[in-house]
Amino acid sequence: MSFPIALTIAGSDPSGGAGLQADLKTFQRFGVYGMSVVTVLTVQNTLGVREVVPLEPGLVVRQLEAVLQDPGAQAIKTGALGDAAIVQSIAPLLAQANLPLVVDPVLVAKSGDRLLTEQALEALKAELFPLATLLTPNLPEARALLGQPIRDLAEAREAARLLGRLGPKAVLLKGGHLAGEESTDVLWDGHELHLFTAQKIPSSHTHGTGCTLSAAITALLAKGVGLLEAVARAKRFVSRAIATAPGIGQGIGPLNHWA
Ligand code: PLP
């Protein structure tokens, strides 16, 4: 097989801890050549997000057309998509590309700033979910997508199945926001549930955790690794990346992407 290539379609974080910068660093870490189509420019550092500016949809589409035409990719992930117009304009190209697709339904930054407008939620569900190989919501995102509370592991298991009915082939519902000393992620693979439990790592350096996890899974899918193994390996990597975070910045700092 030729050298694996992964593509992220995501927002820019100039401080380098989240968004497409985190994705590219993660692709590199997994020995995969990384490409990025920019959807949204943010102005932010570890202390917070100051501006979120979606690009003109035509510009996003032209970036995507160019890199899919040459050199092409083996797997794609989407992160922050900005608004409904961007979601709607990339969906036909993603359908045509017909590649493993990880959809990280990024709605808000940890600071609470919106990275996808509320109106775009329906477009995301209708246009991208049916194309997704894997959907990777955290609990607040899953609550927003389903419109129902998820308070414990039993409700998380149910939520993962329900999200699967919205079209993706598989759902990884990340449990890090549930109370307790352990964090359990629930993977619905379309047939059954698999649980991934890890000890929670107390840390203020968690900026870009979601981006990094979905990018690691995408890199492994680009290399031809199966979904279950890709999720397990990506989770172990993110735990190490949090535990060995370099302590950069005065606020919520980045992970150790070379862990
Ligand atoms: N994408 C961009 C451009 C961001 O700025 C952020 C958070 O600030 C995210 C995605 C999501 O980050 P996380 O992985 O911490 O949820």
Inset, instruction - Please report, ordered by residue number, the helices (runs of 4 or more DSSP H) entirely within the range 83-175 with at least 3 residues that are open to solvent by less than 10 Å² (accessible area, probe 1.4 Å). - result: 84-97, 139-146, 153-164
Inset, instruction - Looking at (1) open to solvent by 20 Å² or more (accessible area, probe 1.4 Å); (2) near the ligand (Cβ under 9 Å from one of its atoms), find the lone condition where GLY31 falls short. - result: (2)
Inset, instruction - Check LYS77, LYS125, LYS110 and return the single one that is touching a residue at least 24 places away in the same chain (Cβ under 8 Å) and more than 16 Å from the ligand (Cβ to nearest atom). - result: LYS125
Inset, instruction - Have a look at THR212, THR218 and point out the one that is under 15 Å from ASP185 (Cβ atoms), crowded, with 19+ Cβ neighbours inside 10 Å and of a type in the set (S, T, N, Q). - result: THR212
Inset, instruction - Tell me, yes or no, whether the range 44-60 has at least one residue that is at pLDDT below 95, assigned to a strand (DSSP E or B) and of a type in the set (Gly, Ala, Ser). - result: yes
Inset, instruction - Would you mind stating whether ILE201 is open to solvent by less than 70 Å² (accessible area, probe 1.4 Å), of a type in the set (Val, Ile, Thr), under 30 Å from ASN45 (Cβ atoms) and part of a loop (DSSP other than H, G, I, E, B)? - result: yes
Legend entry - Residue ID - most open to solvent (accessible area, probe 1.4 Å), chosen from residues in the range 61-77 that are part of a helix (DSSP H, G or I) and polar (S, T, N, Q): GLN69
Inset, instruction - Read through the list (1) touching a helix residue (DSSP H, G or I) at 6+ places or on another chain (Cβ under 9 Å); (2) more than 16 Å from the ligand (Cβ to nearest atom); (3) over 21 Å from PHE129 (Cβ atoms), then give the number of the only condition that GLY208 fails. - result: (2)
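Yes or no, residue by residue, for (1) in contact (Cβ under 8 Å) with a residue 60 or more places away in the chain; (2) on the phi > 0 side of the Ramachandran plot:
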position	(1), (2)
GLU155	no, no
ALA159	no, no
ARG165	no, no
PRO168	yes, no
GLY190	no, yes
Inset, instruction - Specify the residue that is farthest from the ligand (Cβ to nearest atom); the eligible residues are those in the range 178-189 that are surrounded by 13 or more Cβ atoms within 10 Å (Cβ to Cβ) and over 16 Å from the mean Cα position of the chain (by Cα). - result: ASP189
Inset, instruction - Restrict the check to the range 43-55 and report whether at least one residue is closer than 19 Å to LEU124 by Cα, within 16 Å of the ligand (Cβ to nearest atom) and either open to solvent by less than 10 Å² (accessible area, probe 1.4 Å) or among the aromatic types (Phe, Trp, Tyr) (or both). - result: no
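The values are calculated or read from the model by the stated rules, or taken from the named source; none is laboratory data. Quick caveat, the model's predicted, so the values are computed rather than measured. A quick note on method: Cβ atoms are made from the backbone with ideal geometry, for glycine too, and the neighbour counts reach across all protein chains shown. The area values use the complete protein model at the heavy-atom level, side chains included, leaving out ligands, DNA and RNA. Shrake-Rupley method; radii C 1.70, N 1.55, O 1.52, S 1.80 Å.
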